[in-house]
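Worksheet: the structure to be examined is printed underneath.
The values are calculated or read from the model by the stated rules, or taken from the named source; none is laboratory data. Here the structure is a predicted model, which is why all the values come from computation and not from measurement. Cβ placement follows ideal geometry from the backbone for every residue including glycine, while neighbour counts extend to all protein chains displayed.
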Amino acid sequence: MNSIDFALGTHTGWVRELNEDSHLALPKLGLWIIADGLGGHEAGEVASGIAIREIARSIEQGMPLADAIESAHRAIQTAALQGEGAANMGSTVVAAKLDGLRYEIAWVGDSRAYLWNGRLHQLTTDHSYVQLLLNAGLITESEIPGHPFRNIISQALGVGGSDKANIKVDSVSGELGESDTLLLCSDGLSGEVTDDGIAAILSETTAAQTRVNRLITAALETGGKDNVTVIVISSVVI
């Protein structure tokens, strides 16, 4: 028989004054969320906070995950119009919804989800400018880490995509095998630590909180230029 074990953590990093990441774990709903706020001057923190609260509220009411994320997008826009936060505030989001060992991952922006099953698999595809360049064959994978526009995202909750209004929520689903792990993270981890570095840490131990702590430490040791938030969710044999 399998059960779910999870752990989470966040750190402001060494450069930013404020942690604009928000995260939420609601295991009774089978829901885990990371939102990375955009906009600065505390507006990003407002946007990411609205995102996780609205998604949780919608899931509690029985709404599908992608629809809950759409609802969060509109809630951030409404808050901005009412003078909460700032007009240009937005947030990325990556969320995992589990039903037993079956999972659904949905996301907007460049916060990521990975599957670890002895090898690391990136489940999400960044909604970013460099990903669009990569898809078009204009740059190679090896050019992304040093690209001057690698931090520019192509859509976010609250500010929309290219039309500034709507977003396209992407999703992927699957089933956790015995001892498999889902990793959710803001780009404070994926932007600082290579996939090989993440895989090495996940291979060292199965202890959820130890994994989270070591991943955050690795991001800080590599520079800690951004807020970093990490959630690991593991299938455990009992």
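Below, the figures for the structure above:
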item: Residue list for segment 201-238, restricted to those being of a type in the set (D, E, K, R) and without any contact (Cβ under 8 Å) to a residue 60 or more places away in the chain; result: GLU204, ARG214, GLU221
item: Subset of segment 203-238 that is of a type in the set (D, E, K, R) and touching a strand residue (DSSP E or B) at 6+ places or on another chain (Cβ under 9 Å) - its residue that is farthest from LEU184 (Cα to Cα); result: ASP226
item: Criterion: at pLDDT 95 or above, hydroxyl-bearing (Ser, Thr, Tyr) and assigned to a helix (DSSP H, G or I) - qualifying residue of SER91, SER71; result: SER71
item: One residue from ARG57, ARG112, ARG119, ARG74 being at negative phi and touching a strand residue (DSSP E or B) at 6+ places or on another chain (Cβ under 8 Å); result: ARG112
item: Residue check for ALA79: within 16 Å of the chain's Cα centre (by Cα), of a type in the set (Gly, Ala, Ser) and at pLDDT 95 or above; result: no
item: Some residue of segment 71-82 being charged (D, E, K, R) and within 22 Å of ASN213 (Cα to Cα); result: no
item: Lone qualifier among ALA35, ALA7, ALA25 - being closer than 14 Å to LEU157 by Cβ, aliphatic (A, V, I, L, M) and modelled with pLDDT of 95 or more; result: ALA35
item: Per-region count, segment 23-49, residues in contact (Cβ under 8 Å) with a residue 60 or more places away in the chain and within 15 Å of the chain's Cα centre (by Cα); result: 10
item: ILE153 out of contact with any helix residue (DSSP H, G or I) (no Cβ under 6 Å at 6 or more places or on another chain), farther than 27 Å from ALA75 by Cα, of a type outside the set (Asp, Glu) and crowded, with 17+ Cβ neighbours inside 10 Å; result: no
item: Some residue of segment 112-125 being buried (at least 22 other Cβ atoms within 10 Å of the Cβ), assigned to a strand (DSSP E or B) and not charged (D, E, K, R); result: yes
item: Hits in segment 119-144 (condition: closer than 30 Å to THR205 by Cα and touching a residue at least 12 places away in the same chain (Cβ under 8 Å)); result: ARG119, LEU120, GLN122, LEU123, THR124, THR125, ASP126, ILE144
item: Looking only at segment 49-102, and only at residues there that are basic (Lys, Arg) and surrounded by fewer than 18 Cβ atoms within 10 Å (Cβ to Cβ), the one that is farthest from LEU18 (Cα to Cα); result: ARG102
item: Segment 149-160, residues that are in contact (Cβ under 8 Å) with a residue 24 or more places away in the chain and more than 15 Å from ALA47 (Cα to Cα); result: ARG150, ASN151, ILE152, ILE153, SER154
